[in-house]
Structure formats: C-alpha cells, structure tokens
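Reading through the structure tokens given below for one structure.
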Amino acid sequence: MTLGPWFYGQTDLDWQAYEMAAELADRFAQTAAEYDRTGTFPFAHFEAMRERGYLALTVPREDGGLGAGVHAMVFAQERLARADASTALAVGWHLYAVGKQAASRRWPEAVRRRLFGEVVADGALVNACASEPEIGSPSRGGLPRTTARRLPDGSWVLTGHKNFTTLAPILRYFLVSATLAGTDEAAWFLVPRETPGVRVEETWDSLAMRATGSHDLWLDEVHLPADALLEPARDRSAARTEGWLLHVPAVYLGVAQAARDFAVKYAVERRTVNPPGHPEPSSRLADRPHVQRLIGEMDLALLPARHLLMGLARQWDERPDWRPHMADAVAACKPFVVETALGVVDRAMRAVGGASLARALPLERFFRDARAGLHNPPMEDVVLSNLARSAIARAEAGEGAGSSARLQP
C-alpha cells in the first residue's frame, strides 16, 4: 500500500495502541492456524493480552486504562486481525462494550467503576449477549425472548437462551438483554459468570472465525440484585450504528490486508522452471502480467476501504457535534469493507493459484473468515434500507447531494 500505518497513525495514543497490537500479532500469528484447525478457544492469547494491558485498551485513563478512542482502537484492531481474525473479532466485542460505556457513562457509576477496575487489575472480560435462536440478530429489532421478572424486594430473575455469545469460555460478565416481564420494554442486565443458573453450552463449530468461542448461553431462573439492571436495551439514542461498532470492519480490513500481503510475498518468492530454450531458466510469479494486475486490483480496493474506515473513526473522535449526522456512513462502512475484503481475498487466491486451497497456506482461512463479516452487525439489508430512507427524506426536504449547508452541532 502506498499509504501505510505512518499515514493513519497521527497521535502518540494511536501508536501506543498499534505497537501493542503489533507485538501481540507477531506472537498470535504462530498459533492462529492451529486454533482455527481445532476450533478451540485461544486462552493463551487472552492471557498475553491481559499481561500486555490490551484488554484495558478502551478503559479511560482516569480508571487506569489506556483511554483509547474509536480511532486508536480501530488502528490497533486492524493490525491484530492480520495475524488472527478470530482473536481480534472476539476481543473487539469486549473493547466495544467497555469503550461504549466509557463514552456514554449510562450505567450506574459504582457498577461502571467496579467493572473497569476489574478489567484493569485482572483482565476481566465482558460482552453483550443479545442474539437469540428465535429472533436472530438484534439489529433487526424485536423484543428478546429472554425475560426479566422483578421480585417484591426489587431484585430480578432472568430466564432465557442466547446464542453467538462470543468469548463465552472466558467472560467474567455477560451483558444480557431481556424483556421486562409484562411490558414491551427491554433492558440490559449485568450477569456475573458464577451466578447460579448461568450455563454455557459449547455449541460453536463454525466454518469461519472458529476460535471465537461463540457458544450458547442459558439462564435458568438466574437471581440478580436490583442494581443489575444497567440501562434500556431499545433506546434509539444508543443505536448500534455508533462509532465504536467500527471495530467490526477493522477486523475484516485486517483479513484483507493479510491476504494481500501473503499473495504478494508468495508471488515474489515463487519461481517456476521454464521449458528448455526459454531465455531464462526460471521466472517469478510476480513477473506475470495477470498476477501484477491482481496485485494492483487488491491495492486499488484496499485504499478507499482503509481511508473510509480510518477517516470515520477519526471524525467520530474529533467532531462530537457531527455524530448525529454520521450514523448512515458509520453503518455503511461495515458492508463496504466486508465486500472489499471478499474481493481482495478472492484476488489473492487467484494470484497464488491452486496452492491457495491448501490448508498449509493461510489463504483458505482468510477466505472463510472474510465470509463471517456478512453476518456481523450492522446487517447489509438494514444498512441499505436506512440509506434509501435517508436519501428519500433529504429529497423530500429539498436537500440535494451537493448541498453546501454546514453541519450544525
């Protein structure tokens, strides 16, 4: 790429996060394929991240963390994903939950500070558990089937079943969405792992992102204190299309970059024996015109995807007054980057040839992992529908695409 990390890393915090991720990535690259092959959870990776302080990346500085904003998080996560997409995607959901709360301060302060303290001191992990077998992705709306019943003393009892619970083998806290019994309202509850009635069923056996530990979570009459209720789960002001969700496309950009880098290296090092009488006894794969075209197409595709992702992350951090106007663009970033990743991985495999299908090479893993992005939020059909509605609403209001009106806080 003509614009490398030097172009996008603009602050000391960016580079602190990036260098931490790069150091971890060099280690994880040695074991990523084995975890993918076995489908086992990479506990050793998370111990390394705990020791290095990476799990506290998005904890505010005043609470002992690094204080990374959206851009520093995205910058680091893309680098980590080049080595191990499963680990990057999994830890990204933890960083997202912590960073989102660090920015919004919507939870009771005592609960938030206690959780942040455990993340810093012990490497405690937390993730939201919202998907359910009966309702699918929560990004499509709908009330959770998981229910929360309030007792006379103000405490709660939760019952339900969640799936796609990423990090399930190692989470200390589950953020569980539940419908308040007898209402059409839902809320988030903080559920400690050791609470009686909490059970993880190891169901994750996936084509892609095989080492994320995204098992099923069962809650059987789980009793929780009154302060376990954290915030509403369907509050439109806390939409999932906020800047912190950019950690998802960051992972798939990392997968694409890894595929491109491997293909270029392979093409440079791979030599074929030419037939007798040829001017050269051997030639490099990289010298073939069709391979050069594929390499050029990969870089051409990666450039706008990286610029869009990093630019949105930077603007989210630096221009809070623009955020209400950025929802569509932030949401659109994920399907755009994922489609880019799918195309880049395909071209990388074409450049390498039939050898790209071999398990001995990482390209078949990149190919499978890139497919997972199609099923991460925000969902493509929802994004396209929202983009269309916004375009129609602007047209109805007499606003053109080239409007010179300045954004107002």
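The values are calculated or read from the model by the stated rules, or taken from the named source; none is laboratory data. Bear in mind that the values here come from a model prediction, so they are computed numbers and not experimental data. Counting neighbours? That spans all protein chains shown, and the Cβs are built from the backbone with ideal geometry, glycine included.
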- The correct count of residues that are without any contact (Cβ under 8 Å) to a residue 40 or more places away in the chain and under 9 Å from residue 76 (Cα atoms) in the range 3-31 is 2
- Does residue 58 satisfy being touching a residue at least 24 places away in the same chain (Cβ under 8 Å), over 23 Å from residue 249 (Cβ atoms) and either assigned by TED's automatic domain parsing to the domain that holds residue 171 or not in a helix (DSSP H, G or I) (or both)? no
- Task: Tell me which residues, restricted to the range 354-393, are loosely packed, with under 12 Cβ neighbours inside 10 Å and not in a loop (DSSP other than H, G, I, E, B).
- Result: 354, 381, 385, 388, 389, 392, 393
- Note on the structure: All-but-one check, residue 230 against (1) crowded, with 23+ Cβ neighbours inside 10 Å; (2) at negative phi, failing number (1)
- Selection from the range 233-244 of residues that are at pLDDT below 95 and surrounded by 15 or more Cβ atoms within 10 Å (Cβ to Cβ): 233, 234, 240, 241, 242
- Message: Looking at the range 329-344, I want the residues that are without any contact (Cβ under 8 Å) to a residue 24 or more places away in the chain and have a partner that is among the β-branched types (Val, Ile, Thr) with Cβ atoms under 8 Å, at least 6 apart or on another chain. Which pairs are those?
- Response: none
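Conditions (1) buried (at least 22 other Cβ atoms within 10 Å of the Cβ); (2) outside the structural domain of residue 87 (by TED's automatic domain parsing); (3) in a strand (DSSP E or B); (4) touching a residue at least 12 places away in the same chain (Cβ under 8 Å), marked per residue:
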| site | (1), (2), (3), (4) |
| --- | --- |
| 191 | yes, yes, yes, yes |
| 203 | no, yes, no, yes |
| 207 | no, yes, no, yes |
| 218 | no, yes, yes, yes |
| 223 | no, yes, yes, yes |
| 246 | yes, yes, no, yes |
| 251 | yes, yes, no, yes |
| 261 | no, yes, no, yes |
- Number of positions in the range 132-165 that are at pLDDT below 95 and polar (S, T, N, Q): 2
- Message: Looking for something within 14 Å of the chain's Cα centre (by Cα) and charged (D, E, K, R) - is there at least one such residue anywhere in the range 364-378?
- Response: yes
- Query: Of everything in the range 188-237 that's farther than 29 Å from residue 33 by Cα and hydroxyl-bearing (Ser, Thr, Tyr), which residue is nearest to the chain's Cα centre (by Cα)?
  - Reply: 237
